[in-house]
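Reading through the structure tokens given below for one structure.
Readers should treat all values here as calculations from the given coordinates under stated rules, not as data from a laboratory. Because the structure is predicted, anything quoted here is derived from the model rather than measured. Using ideal geometry, Cβ is built from the backbone for each residue, glycine included, and neighbour counts are taken over all protein chains shown.
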Amino acid sequence: MTDDCIFCKIAAGDIPSEKVYGDEELYAFRDINPGAPSHILVIPRRHIPSVTDAGPEDAELLGKMMLRANAIAAEEGLVDKGFRYVLNCGEWGGQTVFHIHLHVLGGRPLAWPPG
Ligand code: 5GP
Ligand code: ZN
């Protein structure tokens with residue numbers, strides 16, 4: 001738990017969120033400012049600022065995030081039509097919260113390339 005991290009506080013339940021999934025290692029919740037009908041953030045409970053800070057010891061955790069996102073996408077009914085995963089990395093990548101989070105976005109056609 002990093003005291004000044006909003007996502008550490010959300011994972012700990014100190015800041016309320018709309019929970020989608022939780023286990024010992026992972027937490028998933030709905031984005032407060034959704035960019036699509038389904039917009040869920042999958043995070044590790046452990047504070048890692050960005051995916052570029054992950055090391056070999058985090059390989060299993062990152063894999064679990066991806067597989068959990070797959071399960072959430074299926075639960076949200078996104079798989080047949082298609083949807084998007086996003087990992088924003090650093091300032092130019094559009095990262096605003098520096099605690100790894102995997103965006104699951106879907107429920108409407110999504111434009112590409114991004115802005
Ligand atoms: P980033 O831009 O870092 O990839 O994504 C951060 C996301 O976190 C944004 O989509 C933003 O709407 C969401 N967010 C920021 N603060 C909160 C919060 O307090 N609660 C929830 N549920 N989402 C948040
Ligand atoms: Zn954190």
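Values computed for the structure shown
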read-out: Pick from the stretch 81-115, criterion touching a residue at least 40 places away in the same chain (Cβ under 8 Å), touching a helix residue (DSSP H, G or I) at 6+ places or on another chain (Cβ under 8 Å) and part of a strand (DSSP E or B), ranking: surrounded by the fewest Cβ atoms within 10 Å (Cβ to Cβ); value: 83
read-out: Residue match in the stretch 62-82 (condition: farther than 29 Å from residue 113 by Cα and out of contact with any strand residue (DSSP E or B) (no Cβ under 8 Å at 6 or more places or on another chain)); value: no
read-out: Check on residue 15, over 15 Å from residue 103 (Cβ atoms) and in contact with a helix residue (DSSP H, G or I) (Cβ under 8 Å, 6 or more places away or on another chain); value: yes
read-out: Matching residues in the stretch 12-45 - criterion: being more than 11 Å from ligand 1 (Cβ to nearest atom) and in contact with a His (Cβ under 9 Å, 6 or more places away or on another chain); value: 42, 44
read-out: Qualifying residue in the stretch 24-33 (condition: over 16 Å from residue 103 (Cβ atoms) and under 15 Å from the mean Cα position of the chain (by Cα)); value: yes
read-out: Check on residue 21, of a type in the set (Phe, Trp, Tyr), more than 14 Å from ligand 2 (Cβ to nearest atom) and either assigned to a loop (DSSP other than H, G, I, E, B) or surrounded by 12 or more Cβ atoms within 10 Å (Cβ to Cβ) (or both); value: yes
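Residue-by-condition table, conditions (1) more than 16 Å from ligand 2 (Cβ to nearest atom); (2) assigned to a loop (DSSP other than H, G, I, E, B):
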position: 7; (1), (2): no, no
position: 17; (1), (2): no, yes
position: 39; (1), (2): yes, no
position: 48; (1), (2): no, yes
position: 59; (1), (2): yes, no
